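Single-structure report; data block below.
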Amino acid sequence: MPRASHLPHLVAVGDAEERDDDALMAAARAGDRAAFDALVRRHQRRVIGFAHKFFDHPALACDVAQDAFVDLLRAVPTYRADGHFRAFLFRLTLNRCRMAARSRRYEDGVGHALPVGETAAADREQERAVQAAMMKLTEKQREILLLRFWGGLSHDEASEALGVPVGTVKSRLFGALEAVRALWSRR
Amino acid sequence: MTGGCPSDHDLARRFEGELVADQAAALDEHARSCLHCQAVLGELKALTAAIAAAPPLPEVDLVAAVRQRAALPPRRRSVARLSWSGAAAAGALAAALALAVAVRGGRSDRVAAPQARGAPTSPDAWVRLRAYRALPDGRTVELTPGGHLGRGDGVLIAYDNLDPAPWPFVMVVGADRAGRAFWYYPALSRDGDDGRSVPARAGAAVELPDEVRHTLAPGPLRLFALFSRAPLSVREVERALAAAAPTARRLPIADGAQHSIEVMVDAD
């Protein structure tokens, strides 16, 4: 939103904050702005990367990530510090991805899987091929693969993030692995 | 595949460590001598490694953007309309920068963007137009595709310029279905005015400073953000608008990156 202060350019970000996520959320609840900023800087690449892999669209990814962190900021007063911060943050991210996918706001970007570039470097070619296969999966399949392998969530954490039983996570995960492998093998 | 191979589902379960010990041992024993199962397990390993690999994204610090987006109620920066002379000044600045680029580079032709390793092939994927409707009460509302705009409303512009080699110039123009152009950056208010792209900065949600107001015709208005390596001229873009279909989402301009959104201008 245009305002008096301009947003920063691309900057190298460091994270000297050593407190864990729950401690930072508690500090943010107590009014420590720097604690929340440290949380954003700690997790922004993971969240942007999730949305980027979900949409295959970096500008959309930044948009969605901003919304997810705004949701996190608004959740500060009510967040329960129970050691499940990552699952909580990915749940917010996932909700924003789903909303974006259904919103006309993103009509020009969603669902347009980008082709594998002929000029892609060899060491990235496989990642692009896998991403292209991912974009052909259903949203649910893509979500579970990203939570598990990009987010590094355990089955239990993925269950929390998705709000479904662990058994559902597993069956969805195994099905998604089979599906993406089949698509990738046909490349 | 041999008749005794485990199913792909069981191989996926084994990969995830979800088979009980006896089943896992039996599958491992089989896989040791089965090229098919070895290949499937190898593919699962490669696939998940690719999913876990970091995508080629620039370093972006979202803190300020998040704080800004969370601020309620939103306030606009100014209600100043960029005057014709302001537009001319912006055009002159862009031209001067272009000249500087040409002198420093020793040539005046357009510079090709280096392709990031493994980057998406479409440069459009790295840019985004954000437009905001300035309401009379001082609030601003983001214009989403299909969103509504009053005929005389002011418009504020921001953009994402996240290409690994950020675009140095940007233009923003609106076009109605009759093919009329409404210039936002550079802001031009008279037919026949000329101007050039304005300098662009790298980053997410980069704001352009001024509110621009045109008297728009009711109906669909498509706003285009045009990013380029060298300044585009207003006349060049208006020729492209004339050549494009009325519903085109992209203008026929070589090189560069574009993003557009269509909004609806309400009748009074």
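The values are calculated or read from the model by the stated rules, or taken from the named source; none is laboratory data. Everything numeric here is computed off the predicted structure, so don't read it as measured data. Note that each Cβ is placed from the backbone with ideal geometry, even for glycine, and that neighbours are counted across all protein chains shown.
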Flagged in the range B:222-239 as among the aliphatic types (A, V, I, L, M) and either crowded, with 23+ Cβ neighbours inside 10 Å or out of contact with any Asp or Glu (no Cβ under 7 Å at 6 or more places or on another chain) (or both), in numbering order, are B:L223, B:A225, B:L226, B:A230, B:L232, B:V237
Residue, farthest from the other protein chains (Cβ to nearest Cβ), within the range B:157-179, restricted to residues that are modelled with pLDDT of 90 or more and more than 30 Å from B:P55 (Cβ to Cβ): B:D176
Checking B:G146, B:G138, B:G150 in turn, the sole residue that is out of contact with any strand residue (DSSP E or B) (no Cβ under 9 Å at 6 or more places or on another chain) and touching a residue at least 40 places away in the same chain (Cβ under 8 Å) turns out to be B:G138
Quick check on my filter: what residues within the range A:138-186 are outside any helix (DSSP H, G or I) and within 11 Å of chain B (Cβ to nearest Cβ)? A:G151, A:G152, A:S154
Select from the range A:51-74 the residues that are of a type in the set (A, V, I, L, M) and at the interface with chain B (Cβ under 7 Å from one of its Cβ atoms) and write down the one among them that is nearest to B:Q258 (Cα to Cα). A:A59
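I want to confirm something. Restricting to the range B:256-267 and keeping residues that are part of a loop (DSSP other than H, G, I, E, B) and loosely packed, with under 15 Cβ neighbours inside 10 Å, which single residue is nearest to the other protein chains (Cβ to nearest Cβ)? Quick ask: steps written out before the conclusion?
The first filter runs over the range B:256-267 and keeps only residues part of a loop (DSSP other than H, G, I, E, B), leaving B:256, B:266-267.
Checking the rest, the ones that are also loosely packed, with under 15 Cβ neighbours inside 10 Å come to B:266-267.
Working: B:D266: 17, B:A267: 22 Å.
Applying the filter and picking the extreme gives B:D266.
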In the range B:229-249, the residues that are farther than 15 Å from B:A181 by Cβ and in contact with a Phe, Trp or Tyr (Cβ under 8 Å, 6 or more places away or on another chain): B:R229, B:A230, B:P231
Residue count, the range B:205-238 (criterion: aliphatic (A, V, I, L, M) and within 14 Å of another protein chain (Cβ to nearest Cβ)): 6
The helices (runs of 4 or more DSSP H) lying entirely within the range B:34-149 that contain at least 3 residues which are within 7 Å of chain A (Cβ to nearest Cβ) and modelled with pLDDT under 80 are B:63-70
Six or more apart or on different chains, Cβ under 9 Å: which pairs go from a residue in the range B:30-59 that's among the basic types (K, R) to one that's buried (at least 18 other Cβ atoms within 10 Å of the Cβ) and part of a helix (DSSP H, G or I)? Could you list them? B:K45/B:F15
Hey, among the residues in the range B:15-33 that are not in a loop (DSSP other than H, G, I, E, B) and not hydrophobic (A, V, I, L, M, F, W, C), which one's nearest to the other protein chains (Cβ to nearest Cβ)? B:Q23
Hey, can you tell me all the residues within the range A:32-86 that are over 17 Å from the mean Cα position of the chain (by Cα) and basic (K, R)? A:R33, A:R74, A:R80
Positions within the range A:114-133 being within 7 Å of chain B (Cβ to nearest Cβ) and at pLDDT 85 or above, in sequence order: A:E127, A:R128, A:V130
